[in-house]
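Let me begin by presenting the structure, written as structure tokens, before commenting on it.
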Amino acid sequence: MKAGSSNRSSCGRLDDGALYQELKLMPNKDVPGVELKKYSCPYCLITFDAFEAIKSHIVADHKSEALPESEGTVHLTINGQEYTFQVEPDWTLYYLIHDKLGFTGTKLMCDRGACGSCTVIMNGRPILSCMTLAIECKGKRIETVEGIAASNHPLVEEYVKHHCMQCGYCTPGFVVTAKALLDRNLNPTEYEIREALGGNLCRCGTYPQHPKAIMDAAKILREANREPGIRDAG
Amino acid sequence: MRKFAHIDAHTVDEAVSALRLYGNRAAAIAGGTDLLGKMKDEILPRYPEALINLKTIPGLEFLREDAGVLRVGALTKLEDIGKEPLVCQKYAALSQAANRMASPHLREMGTLGGNLCQDIRCWYYRNPNNRFPCLRKGGGRCYAIDGDNRYHSIMGGSVEGGCYAVHPSDTAPALIALNALVVTSKRILNLENLFQVDVGKTTVLDADEILTEIQIPKPPDGAKSAFLKFAIRKSIDFPIVNCAAMITIFRGKVKAARICLNAVAVKPYRALNAEKAILGKQMDEKLAESAGLAALSESKPTERNGYMVQIAKTLVKRAILACNE
Ligand SMILES: Cc1cc2nc3c(=O)[nH]c(=O)nc-3n(C[C@H](O)[C@H](O)[C@H](O)COP(=O)(O)OP(=O)(O)OC[C@H]3O[C@@H](n4cnc5c(N)ncnc54)[C@H](O)[C@@H]3O)c2cc1C
Ligand code: SF4
Ligand code: FES
Ligand code: FES
């Protein structure tokens, strides 16, 4: 078989090149009489030689984007970095972050919105990535536990100091939820902390430790705010 | 989850026409906290072929007072409603209900429209892979009535088919006590008339109709409202019983009263007997207690849920007293 020719010809069918030529769908310089026209407009069939020309024609005459993105294209920012994905409608945000992107800090426990271990921060709100469709996150700003750790947030150190985990599976969900709370309220009471963590379940029963760690982290952040330059509280 | 098409609606009309195109084979998605759980568990005999996203419609997420009427967009998140000082001061029952709904995360995602249109939580109905094809799915029998019905209706089954699944919404009774109206893509309804018990349905909305706004008229002068919820845990859990009341007291006497229970019947249950029992009378603890008795005078608990009657009586009493503080 000739290199580059379609292997379909071996099944007794026309190879693709010959098929296209036969149907005159593809310009072919070698065939006399076939006019070389490169790009034909999908709306009005006018043809153009240059790609840029057809793009500006579509924008100007058909008032449409030249290269519309498909429904499943999602641009979003995760931990400060911009990404573009092609997603399926049934992908959850959890699946995208954890399985596709490899940010394994986000955990899946119940997969039904009932435990908080898959929490991420989306545009400032602590939300459940298992109950969020990735295709509905266009243009969103997302923060995962990896981003919180990379920013040297005092929560991480305080969680270690106060032994807030036993098996540790629920911990990222707690830390992310606590970070969202501290972003809104730098001086939370113990009651406010308990309320904010109301959607996070821990099967090991580490509950009493969390308010202590969070209040200490809040204190560090408040002090840092008072002495600008020592640490970036963001 | 199985495959489905996904359409971002950009206007209410677009959502309506997309829903119409699919007949009843599509579903609108708001926060998705109820819908996605149903889809993951494949509880229904039919899977939606498409989801029509309402979150991409601008202008459905708002909360403001217009000429004394509180207007809340259907896509407004429960967290934002619960934390809004205006709601807290003037429409306390709604604020308290929003703040007790599910968990903080679910309130950051769940919308008011979704909360009113959510599906029932009967554990037979919700059992994965359509394990119990019951009356509410077009099947032949109710599994709860002979089975474990500890969280089912204490006010009898629906007339239509004998379903005993309770309506689980926390905000519905609060909004009914506050005399709310709902605006849809084709009509305005009294919220009390939104609910319906039918195969695959909890509301009277047509397949191509969506909720756009909830309106609460100016409460009467001197009216106070309150919402109480009984659940096993303080957070995450659905109500076992909840109750909201709006009471107007003038010179110590009850001038007006609206009381609504939920999770006790197939629809939110307006306790008209309790309202009648206290109207024009001197407000005190005894009167509130008699209202609790009156509210449950028509109750007919099933084998395992007699305890809910006692909880409901107490919540009615406490909700009324909370309006007198
Ligand atoms: C663990 C857990 C605990 C929960 N606890 C509670 C609780 O304590 N109390 C409570 O009340 N609920 C509870 N819920 C249920 C649910 O989270 C809430 O009812 C929530 O408010 C639903 O809103 P949503 O926007 O996420 O709805 P979605 O899931 O998006 O929609 C729910 C249904 O309503 C329809 N719908 C949504 N918006 C509209 C609209 N504008 N017009 C027409 N139809 C619409 C959808 O098609 C769908 O059928 C809980 C859920 C979970 C997972
Ligand atoms: S109570 Fe209703 S939803 Fe539950 S099994 Fe019976 S018919 Fe089905
Ligand atoms: S895994 Fe998402 S809430 Fe449990
Ligand atoms: S530390 Fe084990 S689940 Fe929380």
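Above 21 angstrom, tally the Cα pairs of the range B:122-208 and express them as a % of all pairs, no decimals. Percent of Cα pairs beyond 21 Å in the range B:122-208: 38.
Quick check: from the Cα gyration tensor, does the range B:1-154 come out rounded (a/c under 1.5), prolate or oblate? Oblate shape, in that a/c is at least 1.5 and b/c is the bigger or equal ratio.
The distance between label points at B:TYR47 and A:ALA149 comes to 3.5 nm (points 7 Å beyond Cα on the Cα→Cβ vector). Sparse packing (at most 10 other Cβ atoms within 10 Å of the Cβ) combined with a DSSP loop state is found for the following trypsin sites (Lys or Arg not before Pro) in the range B:1-70: B:ARG2, B:LYS3. Anisotropy class assigned to chain B is oblate, per the alpha carbon gyration tensor with a/c at or over the 1.5 cut-off and a/b no larger than b/c. The A and B chains share an interface that buries close to 2300 Å² of accessible area, total over both sides, probe 1.4 Å. Of the chymotrypsin sites (Phe, Trp or Tyr not before Pro) in the range A:151-218, the ones in a loop by DSSP (not H, G, I, E or B) with at most 16 other beta carbons within 10 Å are A:TYR169. Taking a ≥ b ≥ c as the square roots of the eigenvalues of the alpha carbon gyration tensor, the range A:109-158 is oblate, as a/c is not under 1.5 and a/b does not beat b/c. Restriction of the GluC sites (Glu not before Pro) in the range A:35-103 to DSSP coil positions whose beta-carbon has at most 13 other beta-carbons within 10 angstrom yields A:GLU35, A:GLU65, A:GLU69. What are the lysines whose alpha-carbon lies under 17 Å from the alpha-carbon of B:LYS300, with same-chain residues fewer than 8 places away excluded? The qualifying lysines are B:LYS267, B:LYS313. Peptide A:126-133 is shielded by partner chain Cβ atoms: per residue, an average of 6 of them sit within 10 Å of its Cβ. Only helical runs count toward this figure. For chain B, summing -39,500 (n - 2.57) over DSSP H runs of n ≥ 4 and dividing by all residues gives -7500 deg cm²/dmol at 222 nm. Annotation: for a label point projected 7 angstrom from Cα along Cα→Cβ of A:ARG203, residues of the range A:113-133 with backbone N closer than 15 Å are A:114-118. Shielding of peptide B:2-15 by partners, expressed as the average count of other chain Cβ atoms within 10 Å per residue Cβ, is 2.
The figure for B:ASP206 is an accessible area of roughly 60 square angstrom, using a 1.4 Å probe on the protein chains alone. Extents of the protein assembly as shown, taken as max minus min of Cα coordinates on every principal axis and listed largest first, are 102, 64, 50 Å. Along the range B:312-325 the Karplus relation, 6.51 cos²θ - 1.76 cosθ + 1.60 evaluated at θ = phi - 60°, assigns HN-Hα couplings of 4, 4, 5, 5, 4, 4, 5, 5, 5, 5, 5, 7, 9, 7 Hz to successive residues, with x for each Gly and Pro.
The share of accessible area on the range A:73-225 that comes from carbon and sulfur is 50 percent, using a 1.4 angstrom probe.
The values are calculated or read from the model by the stated rules, or taken from the named source; none is laboratory data. Because the structure is predicted, anything quoted here is derived from the model rather than measured. Quick reminder, even Gly has a Cβ in these numbers, built from the backbone with ideal geometry, and neighbours come from all protein chains shown. Ligands, DNA and RNA are excluded from the accessible area calculation, which covers all protein heavy atoms including side chains. Shrake-Rupley method; radii C 1.70, N 1.55, O 1.52, S 1.80 Å.
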